[in-house]
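Here is the structure we will look at, set down as structure tokens.
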Amino acid sequence: MAKQVHSPREDAEFDFILGMSGVPVLAYFTGTWPKAIEPCRAMDLVMSAVATECRGRLTVVRTDITRCPSTTERYGITGAPSYVLVKERETVAHGTGLATVTEVREFLDGHL
């Protein structure tokens, strides 16, 4: 079974996943500083559920801000959790903060 949520270890791996995905990519950005840990852990659960629901129509990528600084800068991420939807290497939507599964579904609505 294919991985449902990818976790690149560096910017080049993020770019590889982005390039290999034949479907839109939902990249969510996490942090490890004290104020970000709990919301980011909660977002992991949300995005895992979204990845399961959208299998085959969406690639979900958990992006650690510290490990992927160039990717973080490229998408204008200034805090965690944040998320972007990328289609054909273009950002089509951007969100910030902890979201529920329903809120992420609404965020994706019309893009998949």
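The values are calculated or read from the model by the stated rules, or taken from the named source; none is laboratory data. Being a predicted model, the structure only gives us computed values, none of them experimental. Please note: Cβ atoms are built from the backbone with ideal geometry, for glycine as well, and neighbour counts cover all protein chains shown. Surface areas here come from the heavy atoms of the whole protein model, side chains and all, with no ligands, DNA or RNA. Shrake-Rupley method; radii C 1.70, N 1.55, O 1.52, S 1.80 Å.
Its Cα gyration tensor gives region 59-112 an equivalent ellipsoid, and the semi-axes of that ellipsoid, as √(5λ) in whole Å with the largest first, are 19, 14, 9. Calculate, for residue 23 and residue 98, the FRET efficiency according to 1/(1 + (r/R0)^6) with r their C-beta to C-beta distance and R0 41 Å; round to the nearest 0.05. Once the sixth-power term is evaluated, E becomes 0.95. For the chain, a crude dipole built from +1 on the beta carbon of Lys and Arg and -1 on the beta carbon of Asp and Glu, taken about the Cα centre, is about 180 debye to the nearest 20. Extending 7 Å from the Cα toward the beta-carbon at both residue 55 and residue 106 defines two label points whose distance is 2.7 nm.
For region 9-112, the list of GluC sites (Glu not before Pro) that fall in a loop by DSSP and count at most 13 other C-beta atoms within 10 angstrom reads 88.
Kirkwood hydrodynamic radius for the chain: how many Å is it when counted over pairs of different Cα atoms?
Working: mean 1/r = 0.0729 Å⁻¹.
Value: 13.7 Å, from the Cα pair sum.
When the chain is described by a simple charge dipole with +1 on each Lys and Arg Cβ and -1 on each Asp and Glu Cβ, the residue from 50, 18, 99 located farthest towards its positive end is 50. Residue by residue, region 95-112 carries 3J(HN,Hα) couplings of x, 9, x, 5, 10, 8, 4, 4, 5, 5, 4, 5, 4, 7, 3, x, 9, 9 Hz when phi is fed to the Karplus relation 6.51 cos²θ - 1.76 cosθ + 1.60 (θ = phi - 60°); x denotes Gly or Pro. Can you send over the carbon and sulfur percentage of the accessible area for the chain, probe radius 1.4 Å, protein chains only? Carbon and sulfur atoms account for 52 percent of the accessible area of the chain.
With each label modelled as a point 7 angstrom along the Cα→C-beta vector, the residue 48-residue 4 pair spans 0.8 nm.
Region 44-61 and region 73-112 have Cα centres separated by 12 Å.
When the Kirkwood radius is taken over all Cα pairs of region 18-76, what Stokes-Einstein diffusion coefficient follows at 4 °C and 1.567 mPa s, in µm²/s?
Working: Rh = 12.3 Å.
Diffusion coefficient, whole number: 105 µm²/s.
Based on protein heavy atoms only, the chain ends up with 56 Å² per residue of surface accessible to a 1.4 Å probe. Placing a label point 7 Å from the Cα of residue 12 along the Cα-to-Cβ line, the residues of region 70-109 whose backbone N sits under 19 Å from it are 70-74.
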